[in-house]
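Contents: one structure, followed by commentary.
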Amino acid sequence: MKFFELIGNYLLLMSKVFSRPEKVKIYRRRIMAEMESIGLNSIGIVAIISVFMGAVITIQMALNLESPFIPKYLIGYATRESVVLEFSSTVVALILAGKVGSSIASEIGTMRITEQIDALEIMGVNSASYLILPKIISSVLFFPFLTILSTIIGVGGGYVVARFTDVMNVDEYLIGIRYSFNTFYITYALVKAAVFAFLITSVSGFYGFYAQGNSLEVGRASTKAVVSSSIAILVFNLILTKLLLT
């Protein structure tokens, strides 16, 4: 029953979040600020993780596809498919759930226990929409860009391995990257990135908004936000894969 109560409270909060904004100019400024906080500040960690994961995937594919009957260019093909279909959207989203989700839950939770949210409501401000909606919009707009960036850097990491090691020939890697490319897979990855962005920000905002007690409870709310958003990402990854690819 507690699970259904959580779902009900989450849906009620989302109905408040998506009510009509009172002052569009304020929301526009907050969206730009959140894009910097949520999006631009995440580029570094996404780039570092992507280049190493692309390199590791290439090495693993080369080791597991060692056979005279398997063309070497399939290593590049398998690396590209792994990065585009799963890593650049799902794995990056799970990483950002820890970074972005905990930050959002802590920020809003701190405002709750210090009664800043109560002050906003006393002034007649829709606190749920004012605090959470700009985060949702900025993340939904920016996460697909991070997915594209992760894809490019991940494939580039594989290229670095092929270029500077003896794992495989760089020309064969490039042939594999271009081999049998399905453009819909990019659309699939971007759709997943947008959905995961919404889940991370809305779930984290929910736990932060209903935090109670002291700073320890803010920490617990942050932990719950990361765990719940990660589970939601995995569940919706399965659902979206079933709907879009089968």
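Does Ser37 meet the test of being in a helix (DSSP H, G or I) and in contact with a Lys or Arg (Cβ under 6 Å, 6 or more places away or on another chain)? It is false that Ser37 is in a helix (DSSP H, G or I) and in contact with a Lys or Arg (Cβ under 6 Å, 6 or more places away or on another chain). Residue pairs whose Cβ atoms lie under 7 Å apart, separated by 6 or more positions or on different chains, with the first residue in region 72-87 and touching a residue at least 12 places away in the same chain (Cβ under 8 Å) and of a type outside the set (Gly, Ala, Ser) and the second crowded, with 20+ Cβ neighbours inside 10 Å and not in a helix (DSSP H, G or I), are Lys72/Met168; Ile75/Met168.
Given the options Arg220, Arg163, name the one that is over 25 Å from Gly54 (Cα atoms) and free of Cβ contacts under 8 Å to residues at least 12 places away in the same chain.
Arg220
Evaluating Leu11 against the criteria (1) in a helix (DSSP H, G or I); (2) in contact (Cβ under 8 Å) with a residue 24 or more places away in the chain leaves one unmet condition, (2). One residue stands out in region 96-127 among those that are surrounded by fewer than 16 Cβ atoms within 10 Å (Cβ to Cβ) and of a type in the set (A, V, I, L, M, F, W, C): the one that is farthest from Ser19 (Cα to Cα), namely Ala119. Take Phe206 and tell me if it is surrounded by 15 or more Cβ atoms within 10 Å (Cβ to Cβ), in a helix (DSSP H, G or I) and over 12 Å from the mean Cα position of the chain (by Cα). Judged against the criteria, Phe206 is a match. For the subset of region 38-71 comprising residues that are hydroxyl-bearing (Ser, Thr, Tyr) and touching a residue at least 12 places away in the same chain (Cβ under 8 Å), which member is farthest from Pro144 (Cα to Cα)? Among those that are hydroxyl-bearing (Ser, Thr, Tyr) and touching a residue at least 12 places away in the same chain (Cβ under 8 Å), it is Thr58.
Only residues that are of a type in the set (Phe, Trp, Tyr) and within 27 Å of Glu107 (Cα to Cα) were counted across region 180-212, and they come to 6.
Throughout, read-outs are computed from the coordinates displayed, never taken from laboratory work. Treat the numbers as computed from the prediction; the structure is a model and nothing was measured. Quick reminder, even Gly has a Cβ in these numbers, built from the backbone with ideal geometry, and neighbours come from all protein chains shown.
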